[in-house]
Amino acid sequence: MAGDTIVTIVGNLTADPELRYTASGAPVANFTVASTPRTFDRNSGQWKDGETLFMRCSVWRDVAENVADSLTKGTRVIVQGRLQQRSYETRDGQQRTTVELQVDEVGPSLRYARAQVNRNPSNYGGGQGGYNQGGMNQDAGSNFGGQTYGGGQQNAGYNAAQGGSADDPWATGGNSGGSFGGDSTAFDNEPPF
């Protein structure tokens, strides 16, 4: 959204993500990322740790369940999201303000680890293929969201009107159909000019 402060943080999880569900059944996962900057001290010739930033993060819906199933305490992660400030009152009546990260994207850092990605079944498209399920289908043309384009049907191309003259090379049958992705013989023969 316009005006949002987008932030990317790289750090380690301080604990396993906490997955819970709202009254309406929407999953939400909360976790904290500890990010410590390191600087090189030329005088001592060593790296030194700076002040650690502890950023509280929350992520919603399917991503929340993926985070809870995939990430554990100590995992180095890359998190991108929108900073949000909220105020609340404690039980003893004190006003508090906190800054949290509403996570848009999260994943393990591969700097010091390896990961294997397992895709969830897609919720997009219908029928065969579809977004993230088949994408381009060689036998049926391109298939996006269940709609097939340029498939392997014979004579499914744009045919000229019937009844052309005998001298018209384009009026003869056999080579006019399926010019897009279907009949591979559509343009094999040279016209008799």
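The numbers here are math on the coordinates, done by the rules we state, and not lab data. If you're wondering where the values come from, they're calculated on a predicted model, not measured in any experiment. Here Cβ is always computed from backbone atoms with ideal geometry, including for glycine, and neighbour counts include all displayed protein chains.
Applying 1/(1 + (r/R0)^6) with r as the Cβ-Cβ distance of Gln80 and Arg20 and R0 = 30 angstrom yields a FRET efficiency of 0.85.
Label separation (Arg96 vs Ser70): 3.0 nm, computed from points 7 Å beyond Cα along the C-beta direction.
If r is the Cβ-Cβ distance from Leu110 to Glu89 and R0 is 25 Å, what FRET efficiency results, to the nearest 0.05?
Values: r = 42 Å, r/R0 = 1.69.
It comes out at approximately 0.05.
For the stretch 26-69, run through the trypsin sites (Lys or Arg not before Pro) and keep only the ones in DSSP coil with at most 12 other Cβ atoms within 10 Å of their Cβ. Let's see the in-between values first.
Working: sites: Arg38, Arg42, Lys48, Arg56, Arg61; in loops: Arg42.
Loop-located and lightly packed - Arg42.
Approximating the spin labels as points 7 Å out from Cα along Cα→Cβ, the Ile6-to-Arg56 distance works out to 2.6 nm.
For Gln46 and Asn118, what is the calculated FRET efficiency with R₀ set at 45 Å and r taken between the beta-carbons, to the nearest 0.05?
Numbers: r = 40 Å, r/R0 = 0.90.
Once the sixth-power term is evaluated, E becomes 0.65.
Which number comes out as Rg/Rh for the stretch 6-108 once both Rg and the Kirkwood Rh are worked out on C-alpha atoms? Don't skip to the end; give the middle numbers.
Numbers: Rg = 16.1 Å, Rh = 15.1 Å.
Rg divided by Rh gives 1.07.
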